[in-house]
Amino acid sequence: MHEIAVLPGDGIGHEIMEEAIKVINTVEKRFNIAFKLNHALVGGAAWDKYRKHLPEETLDICEKSNAILFGAVGGPVKEQTSSKWCGTEVNALLGLRKHFGLYANLRPAKLYPALAFASSLRDDIAKEGFDLLVVRELTGGIYFGKPKGRMGKGEDEYAFDTMIYKRGEIKRIAQVAFKAARNRRRKVTSIDKANVLTTMVLWREVVDDIAKEYPDIEYEPMYVDNAAMQLTRNPKKFDVILCGNLFGDILSDEAAAITGSLGMSPSASLSEGNFGMYEPSGGSAQDIAGKGIANPIAQILSTAMMLRYSFDMNEEANSIENAVDKVLIDGYRTPDIIQKRMKKVNTKEMGTLIAGNI
Ligand code: IPM
Ligand code: MG
């Protein structure tokens, strides 16, 4: 039995998750397979019931499943930003990543020709298109490095975090990036700040070594500031972008932004086995929650990634991705990607159209 933990979260999470479930139900019929969906609360939705963002009950449900399909979390904002609360204690995402050892975060960003107009890139650059994959290390680096804390008082009060990477951690994520490149355009750009940070000197040394094991892959190390610039000037030069946790956080948002809509970007976070968590790259968008206008495509494409990586169902995953392409080519758009002469649809209609094309 294929079991999926379904965690819609809060904000637009529920609305977009409903459409992903519609797609899963269609895949079940069309390919004659069965999934068991195990629903659980997370983020603001869990807080309302348990006063916890990531309750034990939810972890148990995830543990007995083969994959987690995650919506979005945002609330409640007050607890998340007060000084005492920071990082893994209140952020369900960080807790899940650590608990399940989800060290490899894959964030594809591709500019659909039909959506080039929505990109924040200059027209002549957008017209060229791009198709890249950010491979981000997700359970190490400055996010989780110890010590971190706050000390002192008054003007002498200070705060600190630790950026730390072990050789083994760098090797492991680099292997993911180089292997992914073999199924793509065979190029890896490794992002660091080796001109300033000792952690990043080690990062570059280790990735340089791994690159030698992949003579068929074009390899280029690049400073993060340069990469941020190149992404807006010439994004099509990138294929696989390999990053640590912090730089990957930043560059993956930039990559998503230049595609035109955060509502289009899926992601996969994988552990060493087949287990993974799949979620849209965008947030819970509290401002449009409940209006039924959120774009469900990122959630639906995350579902496709889940079928591919956790269930080894390539044909099924392709059928979802092709259905999304088709619906966009046919001119259907949610408000975030609307354009003149296109057919405006809401969240549910978009889900139904995609399911109808599977
Ligand atoms: C992301 C998010 C998270 C991160 C936050 C919400 C903790 O920005 O998944 O990119 O920084 O990793
Ligand atoms: Mg982020």
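Odds and ends about this structure:
- The chain - Rg over Rh from alpha carbon coordinates, Kirkwood radius: 0.96
- Beta bridge orientation in the chain: antiparallel %, DSSP, nearest 5: 40 percent
- You can think of it this way: the chain between Arg30 and Lys187 has 52.9 nm of extra reach, that is 0.36 nm per residue less the Cα-Cα gap.
- At 1.002 mPa s and 20 °C, Stokes diffusion of region 283-333 via Kirkwood alpha-carbon radius, µm² per second: 176 µm²/s
- When each of Lys171/Lys193; Lys110/Lys326; Lys22/Lys64; Lys29/Lys179; Lys98/Lys236 is checked by Cα-Cα distance, pairs over 26 Å: Lys29/Lys179; Lys98/Lys236
- Assuming charge only on the beta carbon of Lys and Arg (+1) and of Asp and Glu (-1), the dipole of the chain about its Cα centre is about 400 debye to the nearest 20.
- Treating r as the C-beta distance of Lys110 and Tyr158 and R0 as 41 Å, the FRET efficiency rounds to 0.45.
- Farthest toward the positive end of the dipole of region 120-258, out of Thr139, Met200, Ala257, is the Cα of Thr139, where the dipole comes from beta carbon charges about the Cα centre.
- Per residue, the convex hull volume that the Cα atoms of region 120-258 enclose (Å³): 120 Å³
- In range of the label at Gln230: residues from region 255-275 whose backbone nitrogen is under 20 Å from the point 7 Å along Cα→Cβ: 255-259
- Region 202-343 - charge dipole about Cα centre, Lys and Arg +1 at Cβ, Asp and Glu -1, debye rounded to 20: 960 debye
- Gap separating the Cα centres of region 45-75 and region 111-170, nearest whole Å: 24 Å
Coordinate-derived values only; no laboratory data. For clarity, every value in this text was computed on a predicted model and none was experimentally measured. Don't worry about glycine lacking a Cβ; one is built from the backbone with ideal geometry, like all the others, and counts go over all protein chains shown.
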